[in-house]
1. Would you say Gly412 is out of contact with any His (no Cβ under 7 Å at 6 or more places or on another chain), touching a residue at least 60 places away in the same chain (Cβ under 8 Å) and open to solvent by less than 10 Å² (accessible area, probe 1.4 Å)?
2. How many of the residues in the stretch 385-418 are over 24 Å from the mean Cα position of the chain (by Cα) and in a loop (DSSP other than H, G, I, E, B)?
3. With the checklist (1) touching a Pro at 6+ places or on another chain (Cβ under 8 Å); (2) part of a helix (DSSP H, G or I) in hand, flag the one item Asn364 doesn't pass.
4. Looking at Ala175, Ala188, Ala154 in this structure, which one is in contact with a Leu (Cβ under 9 Å, 6 or more places away or on another chain), farther than 30 Å from Tyr335 by Cα, modelled with pLDDT of 95 or more and small (Gly, Ala, Ser)?
5. Among the listed residues Arg118, Arg64, identify the single one that is open to solvent by 10 Å² or more (accessible area, probe 1.4 Å) and in contact with a helix residue (DSSP H, G or I) (Cβ under 9 Å, 6 or more places away or on another chain).
6. Considering each of Leu140, Leu100 in turn, give the residue that is surrounded by 20 or more Cβ atoms within 10 Å (Cβ to Cβ) and either modelled with pLDDT under 95 or closer than 30 Å to Asp52 by Cβ (or both).
7. Where residues in the stretch 285-314 are open to solvent by 10 Å² or more (accessible area, probe 1.4 Å) and touching a Lys or Arg at 6+ places or on another chain (Cβ under 6 Å), which of them is nearest to Leu348 (Cα to Cα)?
8. Report those helices (runs of 4 or more DSSP H) wholly inside the stretch 200-318 carrying at least 2 residues which are hydrophobic (A, V, I, L, M, F, W, C).
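The values are calculated or read from the model by the stated rules, or taken from the named source; none is laboratory data. Nothing here was measured: the structure is a model prediction, and the numbers come from that model. So basically every Cβ, Gly included, is an ideal-geometry build from the backbone, and we count neighbours across all protein chains shown. The accessibility values were calculated without ligands, DNA or RNA, using every heavy atom of the protein model including side chains. Shrake-Rupley method; radii C 1.70, N 1.55, O 1.52, S 1.80 Å.
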Amino acid sequence: MSFRRFRLPFALLHIVLISSALGFLASQLVIFGDGQKTYAASSSPKLEQGPDDPRLAKSYRFERDGWIYVHLQGSPHDIGYQHGYLLAPEIADAFSAVSLEMTHSSNRDWDFFRRASRQMLWPKIDPEYQAELRGIVDGLQAAKVKLDLEDIVAMNAFMELSDYYVPWLDEQTKAARPPKSGGDHCSAFVATGSYTKDHQIVMAHNNWTSYLQGARWKIIFDIVPQSGFSMLMDGFPGVIASDDDFGVNSDGLMITETTITDFHGWDVNGKPEFVRARKAMQYGDSIDTYVKIMLDGNNGGYANDWLLADRKTGEIARFELGLRHSKVWRLMDGYFVGSNFASDPEVLKDETTFDSSNLAASANARHVRWDDLMAANKGKIDTALAESFLADHYDSYTKKTGANRRTLCGHGDNATEADPGFARTPYNPSGAVQGKVMSAEMAGKMTFVARIGHPCGSDFKAQAFLDAHPSYNWQSPALIDMDAGPWSQFRAGEHAPATAASIATSESTTGK
């Protein structure tokens, strides 16, 4: 499958020329107009068994406690085909939400992102993942979902195109654009040695994002690729990387991250972050290998502090990856926390506009809270405590308990006075949308526990929010309820529990 010829149906057309990247940007056309489209599956495929297609033979899906578990196995194209077919309704729905948010936040239409995916991203994608992305499109088309390769590539880059590429492009062209929201993403920690109950690694992460995305961030991917290591990770429909980056591979590498607040920078010649992150999880056999893969072709997109752990050695690490600077810290005894703050003074100075001294800012307040929790619970941290940390509602700035943007379980739709992010976008429907916890022992068995929705257990009701905050009515076509589920354990290779009827049928057939 190849990218189809692009058609320009819009009246207003601008050619963007940038001296620092003239050859590339001369072909970047910034178009304004009604490019928003909504896609839906015309019919739901038979998801439990699927048609008699050998590409689906080793794949399956089931649902439990608000999550959708999918097992994908085989060649890159087959894994993609299984992904696209088994999750077709969810991918169509997620695409409508993502494209709405990307076009609104950037003031670009969807064709802008399609061009970026075709001209800038696609040529830099490894052949293995090109095949997997083509497979997703083939699976979608088999399920009657009319999304093409440009749509799916742009969707895979939804974390980096609108939040990193577009602001960089605006700066290069001196475009007069509204300021970005500067939203924070995720709270996480990894600890080991004297800080944990059994002196083994414990890792936890809650995904902070918009509720538009978060209500759909509910996939457990169990992937057995033709090459590299098997992976168990949470993820977003249609995206080949975890993208909030929590997972474990069969070599014992444990992975999570939090983004760097107010980061700026982009390299048009770099490799997409979603490709590097997927490759690093699939082929990372050590912390060193993971770092090497992420640095190869670094484009500055989705700049993160990666919290890593190697179950084989017991070592944990923080890998801060900017565009111009990167640094790795390692420990055999201690902890690293993440709440969207940069630790390297060079990254802070050269690559962000973040004020690390403002304790009212969400990233700094949560950093203080993480350090306090680690100190207060030294020697006691286990997966049960980790779950409680992710649900924490203590505001270290006000010294009060109450969910808001400064608490580890973030609630951006609640008032958070003095927080600069709240000042930019008051009552933004965003925050902690799910949580995951894993220990070294669990990593050895390729399993972790996860909770859908706010880790504190509270629900978000879309219509009640829109009634109270009509300035967000632009989200009404896609904003949906986000109900919390229970903590639930998932493991690689598991199947849905057999129903009583199927058990009875089996026993009747076997004569038991």
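1. Details: out of contact with any His (no Cβ under 7 Å at 6 or more places or on another chain): yes; touching a residue at least 60 places away in the same chain (Cβ under 8 Å): yes; open to solvent by less than 10 Å² (accessible area, probe 1.4 Å): yes.
Considered against the rule, which asks whether it is out of contact with any His (no Cβ under 7 Å at 6 or more places or on another chain), touching a residue at least 60 places away in the same chain (Cβ under 8 Å) and open to solvent by less than 10 Å² (accessible area, probe 1.4 Å), Gly412 comes out as yes.
2. Counting residues in the stretch 385-418 that are over 24 Å from the mean Cα position of the chain (by Cα) and in a loop (DSSP other than H, G, I, E, B) gives 9.
3. Of (1) touching a Pro at 6+ places or on another chain (Cβ under 8 Å); (2) part of a helix (DSSP H, G or I), only one is false for Asn364: (1).
4. Details: Ala175 fails: modelled with pLDDT of 95 or more; Ala188 fails: farther than 30 Å from Tyr335 by Cα.
Every option except Ala154 fails the conditions.
5. Working: Arg64 fails: in contact with a helix residue (DSSP H, G or I) (Cβ under 9 Å, 6 or more places away or on another chain).
Matching residue, one of Arg118, Arg64: Arg118.
6. Numbers: Leu100 fails: either modelled with pLDDT under 95 or closer than 30 Å to Asp52 by Cβ (or both).
Within the list Leu140, Leu100, the selection yields Leu140.
7. Gly297
8. Values: elements: 211-214, 273-283, 287-295.
The qualifying helices (runs of 4 or more DSSP H) are 273-283, 287-295.
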